Amino acid sequence: MIGDINADGAEKAAADIGDAASAVRFDATDQQSIQDLVAAVLDRHGRIDVIHNNAALVGPDAWFTDSTVIDTSVEMWDRAFATNVRSIFLMCKYALPHMVAAGGGSIVNMASVGGMRGSTGLTAYGTTKAAVIGLTRFIAAQHGKEGVRCNAIAPGVIRTQQLLDAVPDLPRQALAGVASPRVGEPSDIANMVLFLASDESAFVNGEVYRVDGGGMATS
C-alpha cells in the first residue's frame, strides 16, 4: 500500500509495481488520514508486516525558509515537526498494536545525515531528523521483544526530483564532499529499505544506517 499526499504519484508508483500494490491519498500531518491508511492496509491485506515512514517537508519553500535558530519562523518549525516526526509517531502508534498481534514486523524510518551533525542552516529539518533517530531507538527498545524491529536510514544527497526542484545545482556541489564518484540515487535508498525490511536484517534493531557515499567520513 502506497500512501502519499500526491495521489497521482502514488497511483503511478502502484501501477508500476503491479496488481499486488495499491495507492491511497494520505496526508502525513493529519491524524485521521494516518488512521485511515492503517485501516485500509488491514482491510486489504489483513496484517501489517512492514512500514516505511518516508514523509518529509522538502522543496523550495522549506529549503529557503528553514535557516538559523534566529531566522527560522515558528510556523516552519511546527510544520517540520508535524510532517517529519509527529507523522511517524502517529503511524507507529496506530500500527504497532497490529504488528505485535501478528507476531512482529519491521519499521524503517527515514532520517538524514542532517540529524547527525550541526549546520549553518536547515535548523528545523536537522532537528526533526535527530528526533526521528531518537524515536527509532525508543520503538526498538519498547517493542523488540515483541518481534518488531525499528531502524532508520540517514541519506546524504540523493538526486530526487524534489531536491532538483529546490536546488538544481546541489548534486554537483555535493559531489565534492563525498567519497564516491557520484551522488546518491533513489535506488540506493530503496536497496537499504529492502534490506532492513527483510529477514536478512533479522538481528538488526535500533540502528541508523548512513547512505551518503562516505560524506560524513570525509567531513
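Observations, loosely collected:
- Residue 147 of a type in the set (Gly, Ala, Ser), within 19 Å of the chain's Cα centre (by Cα) and either in the same structural domain as residue 194 (by TED's automatic domain parsing) or surrounded by fewer than 16 Cβ atoms within 10 Å (Cβ to Cβ) (or both): no
- Scope segment 165-219; condition closer than 30 Å to residue 48 by Cβ, of a type in the set (Gly, Ala, Ser) and within 19 Å of the chain's Cα centre (by Cα); matching residues: 184, 187, 190, 197, 198, 201, 206
- Qualifying positions in segment 99-121 - out of contact with any His (no Cβ under 7 Å at 6 or more places or on another chain) and surrounded by fewer than 19 Cβ atoms within 10 Å (Cβ to Cβ): 101, 102, 103, 104, 116, 117, 118, 119, 120, 121
- Taking the criterion of being farther than 30 Å from residue 142 by Cβ and either in contact with an Asp or Glu (Cβ under 7 Å, 6 or more places away or on another chain) or buried (at least 19 other Cβ atoms within 10 Å of the Cβ) (or both), the residues of segment 189-219 that qualify are 213, 215.
- Residue within segment 134-153 that is over 28 Å from residue 48 (Cβ atoms) and either hydrophobic (A, V, I, L, M, F, W, C) or at pLDDT 90 or above (or both) present: no
- From 130, 174, residue being closer than 30 Å to residue 65 by Cβ, in a helix (DSSP H, G or I), without any contact (Cβ under 8 Å) to a residue 24 or more places away in the chain and of a type in the set (A, V, I, L, M): 130
Here's the yes/no breakdown for (1) at pLDDT 95 or above; (2) over 23 Å from residue 151 (Cβ atoms); (3) loosely packed, with under 15 Cβ neighbours inside 10 Å:
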residue: 34; (1), (2), (3): yes, no, no
residue: 37; (1), (2), (3): yes, no, no
residue: 44; (1), (2), (3): no, yes, yes
residue: 48; (1), (2), (3): yes, no, no
residue: 52; (1), (2), (3): yes, no, no
residue: 56; (1), (2), (3): no, no, no
residue: 59; (1), (2), (3): no, yes, yes
residue: 66; (1), (2), (3): no, yes, no
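- Odd one out for residue 85, checked against (1) out of contact with any helix residue (DSSP H, G or I) (no Cβ under 9 Å at 6 or more places or on another chain); (2) at pLDDT 95 or above; (3) surrounded by 15 or more Cβ atoms within 10 Å (Cβ to Cβ): (1)
- Tabulated pairs, segment 1-19, first in a helix (DSSP H, G or I), second of a type in the set (Phe, Trp, Tyr) and buried (at least 17 other Cβ atoms within 10 Å of the Cβ), C-beta under 9 angstrom, 6+ apart or interchain: 7/26; 10/26
- Residues of segment 122-143 that turn out to be buried (at least 20 other Cβ atoms within 10 Å of the Cβ) and aromatic (Phe, Trp, Tyr), as a count: 1
The values are calculated or read from the model by the stated rules, or taken from the named source; none is laboratory data. Everything numeric in this text was worked out from a predicted model, so none of it was measured. Using ideal geometry, Cβ is built from the backbone for each residue, glycine included, and neighbour counts are taken over all protein chains shown.
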